[in-house]
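What follows is a single structure, written as structure tokens, with notes after it.
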Amino acid sequence: MNSLAKVDIGQRVVPLIGALVAVFLIAVPVGMLFYSAFRGPADYLPFEPGAQFTFDNLIQIFNDPVLYTRILPDTLIFVCGTVALTTFLAFTFAWLIERSDIKASDVWFSLILFPLLVPIPVLAIAWIFLLGPNAGWINLAIQSIFGFEGPGPLNVFSMTGLIVCQSLASTPFVFLLMTATLRSMNPQMEEASGASGASPFKTFRKITLPVLLPGILAPVILVTLITLEQFELPLIIGLPARINVFAYRIFNELNPASGLPNYGGAAAISIPFLFLGMLALVLYNMAIRRADKFAVVTGKAYRQKQIALGRWKYAAYALLGVYSALAVILPALVLMWTSLLGYAAPTLDNLANASLAAYRDVMGNAVFWKAVFNTLVVAFFTALISTTVGALLGWIIARSNWWGRKGIDFLSFMSTGIPSVIVALSVMILWLSVPIGIYGTIWILILAASYRIAATTRIARAGLMQIHSELEEASAASGGKWLSTQLRIVVPLLLPALMSGFILIFIIGTREFTIPLVLHSPDNIVLPVLLWQLFQNGQPAPSAALATFIMFMVFPMIFLARRYIIPRQSAE
Amino acid sequence: MLVVSGLTKTFNSPEGRNTVIKGIDFEVKEGDCYALLGPSGCGKTTTLRCVAGLEHADSGVIRIGDQVVSDPASGIFVPVHQRPIGMVFQSYAIWPHLDVFENIAYPLRVQRPRVAKAEIEERVMAALRLVNMQDYVRRASTRLSGGQQQRVALARAIVRNPTLLLLDEPLSNLDARLRDTMRKELGDLIARIGITALFVTHDQAEAFSLAHRIAVMNQGVIVQEGTPREIYRTPTDPFVAFFMGSANVMSGQAAPAGAGQITLTGTDHYLHADIALEPGESVSIVLRPEQLTLSRDAAPAARNVLEGHIARLTYQGGSMECDVHLGGDVNLRVPIPGDLDFEKGMPVWVSIQSLEGSVFRGKASPAT
């Protein structure tokens, strides 16, 4: 650019605002967290008068034998078990849907997707109704068929139960990434192996798997990271089973059974896990780069040849059937039944006693309507902030030559690696220290949850890459200022991409449980937290009624997701 | 060597049934290079894939050497990995996790009984030398250019000495300049190793320069089969004639008097052809550039000279394309040397050397 030319203020200022907001959403809370880890005494906020520099938090946390005897082993078993089972289910389903001649693949696709849209507490409560040792439907069924005496034989409140439930919940996300991987493989790679004289099995072993490996590894690393930060199921299912994973431990430091919250201790225990998360992200990045290099024609989706399953189709339908029953159909049924009949056993005779009392109960309460309002407002503004910031960061990364763009790219990407419980903790410490009345309102939830900008940045950047920069230059050559070029040319062209990012974050926002629970107050309650409170208070019918309501509320999102998010995600 | 007879193939998709091969027969002699030529969607690639065993034909027999590899009527289908073939794919399909050497060694490594290590080394190096890639033995395959990938794909296809080499649009992914070089090299290589080859292309220049025989395909059938010269000189179908070059296609009508007189539709010109036509019958006339000469002087006595004027001149360096307006909306494109001082609007006479093989009964179809 000619140095004498008048600098276009908009071009300088607007993206910079995006970068600043991103720093504010991510770097400030995380910085605060690090700072807090070295401030004491334990129940003091870092800037509180009387707080001082100390190593006590770290020493206390890492000297605690519970860390080594309980938290680390439990976390390790939970993560390994979940990752193994999730990977198996997700890859098998992706392969069946993408590469086999399975019938009704569209229906299976929607069924597999379902747990991705429902808040996890809804599923957790349904699984307790199904697999609880005393009155769980599946246990009752087994007892009556085989003549067992209760309780059992299955118990959801166990490490196995936790791993199975977490895997059912995590499968859809990994499944989506794996279908994209499978679709990106050039079928001629396999055909060339056949034409070289290799049998189909040898081709699968020597060509298909090695070529797909980086593309499979990336989602596996990602799900490891996600499992590591899981909080919902470890709280709802793991806690009664006395399973103690790290995310719950942080929550426990803030909400101890007795005594004051230990901010410094919570921050101290967060740090090693934050580093673990970053390590996973680095590995993920390496796998993705290799996968990109392996995609000989980048970003292209191929029409895959469908392989006949033959007799294996029965096993395939059985696996898909069991998954759909456990993850979708039975949870929906048990919630609807319990909402109408409480703990009454599922028999036709009992059906006569069905009553809508629980719904009247729940909906007659003003808290319910406040929670509905809060959930939608939080999801909407979170999506709006995340999409806007993501678009600006995407622009900086794809279009500008600003020296800081690598750092912005890293910052946005890093947000994936920060567990939501740690974000909640950081934001809590920050806004308790900066008392401007945000704490306890829905705005703190929005500020906390808006840190998820990795996906929106990626989507915006990919969208911008497809908009030829000559389109922008043509606008400039027609006399358009930078800002009007963006608003008149780029934003309209980018809109489908922005829309898909918005919907994605909106769906994640409606499911959000961890952040609102850690930061909750009577004023900022959201539906999943209300559900958890009802359930904890021992109200099966009202909690089932609320869970059913949530389920029907998110149901239309399956169509939104299939229409707007998945085609884009697989095109990337 | 390769015999294909009565081959048919229908694809069932959600959009409906689509018959892409409607019964085709051809034979490739030992050591010949045979081209399936046609526009996209004509069924040529599917035919090749049936020969390879990558698609199941619905009916018909495919024989490679003495072995019937596909005959649905008798339930015979030899899977792709058991057929004695080597294949070059359109995308080259170089495996990204293997380097150049391992890509080429792969067909030998999966062979049973096992090939000795030293022999693999020797044969891979020989194949690499054939394609001039001996300096790239341990190059990562993700770091190859398009032309290099093409060479590796070719080496991989010939390394196990297949009976039949199959090539699917082998040059279409290369840019124009490289395509010319690779076309010559490919021709030399096939001739040198004397392998029987079947290849698919939509580019007539490629088919002419590489193939001993060509089958021109359109809409699932072979419309003409023969040597390049036969196909160019004596096309049996206006589609073939049109597809072979930048020909002019016009429609005409046999004059009531018969005797080979044809009126050019849209003009008051007529032509004489030595062909028996019903009076009033519709015909299509295909005129290739080299049949036409342009002159500024009238030659009233000569047969098949059409008068018109120059509607447009397109200068192309060594030559010019001259559009001669004959009346109505009928123009004839004639190439002329670039140094002639013709001008737009000038009256000219086009003389047609011979109409042999240029007049076809029936209307010129919109497909041409």
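Values computed for the structure shown
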item: Virtual paramagnetic centre 7 Å along Cα→Cβ of residue B:163, amide N under 19 Å, in region B:194-223; result: B:194-199
item: Vicinal HN-Hα couplings computed from phi for region B:3-10 (Karplus, 6.51 cos²θ - 1.76 cosθ + 1.60; Hz; Gly/Pro x); result: 10, 10, 9, x, 6, 9, 7, 10
item: Surrounding net charge for residue A:307, when Lys and Arg each add one and Asp and Glu each subtract one, Cβ distance under 13 Å; result: -1
item: List A:343, A:68, A:359, ordered by accessible area with a 1.4 Å probe, largest first; result: A:343, A:68, A:359
item: Cβ-based charge dipole, region B:24-64, positive-most Cα from B:48, B:28, B:60; result: B:48
item: Cα-based equivalent ellipsoid, chain B: semi-axes from gyration tensor eigenvalues, Å; result: 47, 26, 16
item: Per-residue ³J(HN,Hα) for region B:43-56, Karplus 6.51 cos²θ - 1.76 cosθ + 1.60, θ = phi - 60°, Hz, x for Gly and Pro; result: x, 5, 5, 4, 4, 4, 5, 5, 5, 6, x, 8, 10, 8
item: Residues residue A:466 and residue A:20, FRET efficiency given R0 of 30 Å [Cβ-Cβ distance, rounded to 0.05]; result: 0.65
item: In nm, spacing of pseudo-spin labels at residue A:351 and residue A:552 (7 Å Cα→C-beta vector); result: 1.8
item: Inter-site label distance for residue B:117 and residue B:68 at 7 Å from Cα along Cβ, in nm; result: 4.5
item: For residues of B:106-113, the mean tally of beta carbons on other chains within 10 Å; result: 4
item: Computed FRET value (nearest 0.05) for residue A:145 with residue A:84, which takes r as the C-beta separation and R₀ as 41 Å; result: 0.90
item: Per DSSP, loop GluC sites (Glu not before Pro) in region B:13-113 with at most 13 further Cβ within 10 Å; result: B:15, B:30
item: Whole-Å distance, taken between Cα centres, linking region A:377-427 and region A:242-294; result: 19
item: Over 55 Å [Cα-Cα, the protein assembly as shown], rounded percent; result: 34
item: Simple label model, 7 Å out from Cα along Cβ direction - residue B:126 to residue A:64, nm; result: 7.2
item: Rounded accessible area of residue A:553 (nearest 10 Å², 1.4 Å probe); result: 50
item: Average Cα contact separation per residue, region A:1-115, under 8 Å, 6 or more apart, as relative contact order %; result: 11
item: Principal semi-axes in Å for region B:61-111 [√(5λ), Cα gyration tensor, largest first]; result: 29, 12, 9
item: Relative contact order (%) - chain B, alpha-carbon pairs under 8 angstrom, separation at least six; result: 15
item: Whole-number percent relative contact order across region A:424-572, with pairs defined as alpha carbons under 8 Å at least 6 apart; result: 30
item: Stretch gain in nm, segment residue B:18-residue B:316, where the contour uses 0.36 nm per residue and the Cα spacing is subtracted; result: 103.0 nm
item: Those residues of region B:93-118 whose amide nitrogen sits under 16 Å from the label point placed on residue A:213, 7 Å along Cα→Cβ; result: B:95-100, B:102-103
item: Those trypsin sites (Lys or Arg not before Pro) in region A:120-225 that DSSP places in a loop and that have at most 15 other beta carbons within 10 Å; result: none
item: B:114, B:213, B:288, ranked by accessible area, largest first (probe 1.4 Å); result: B:114, B:213, B:288
item: Folded to 0 to 90 degrees: helix B:117-130 orientation relative to chain B principal axis, Cα; result: 20
item: Exposure of residue B:115 as accessible area (Å², to 10), given a probe of 1.4 Å and all protein chains; result: 20
item: Order by protection proxy (mean Cβ within 10 Å, highest first), peptides A:345-353, A:212-220; result: A:212-220, A:345-353
item: Between region B:118-163 and region B:326-355, the Cα center-to-center distance that results, in Å; result: 51
item: Interchain or long-range residues, amide H under 5 Å from residue B:327's placed H; result: none
item: Trypsin sites (Lys or Arg not before Pro) within region A:50-139: DSSP coil, no more than 15 neighbouring Cβ in 10 Å; result: A:103
item: Residue-by-residue Karplus 3J(HN,Hα) for region B:83-95, coefficients 6.51, -1.76, 1.60, Hz, glycine and proline x; result: 8, x, 10, x, 9, 10, 8, 4, 8, 6, 6, 6, 6
item: Accessible surface of residue B:19 - all protein chains present, 1.4 Å probe, nearest 10 Å²; result: 60
item: Size of electric dipole in region A:2-105: Cβ of Lys, Arg +1 and of Asp, Glu -1, about Cα centre, debye, nearest 20; result: 400
item: A:429, A:145, A:397, reordered so the largest accessible area comes first (probe 1.4 Å); result: A:145, A:397, A:429
item: Shielding by partners - mean other protein chain Cβ count within 10 Å, residues of A:404-417; result: 0
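The values are calculated or read from the model by the stated rules, or taken from the named source; none is laboratory data. What you see is a predicted model, and the numbers here were worked out from it, not measured in a lab. Note that we place each Cβ from the backbone using ideal geometry, even for glycine, and neighbour counts take in every protein chain shown. Heads up: the accessible areas ignore ligands, DNA and RNA and are worked out on the full protein's heavy atoms, side chains in. Shrake-Rupley method; radii C 1.70, N 1.55, O 1.52, S 1.80 Å.
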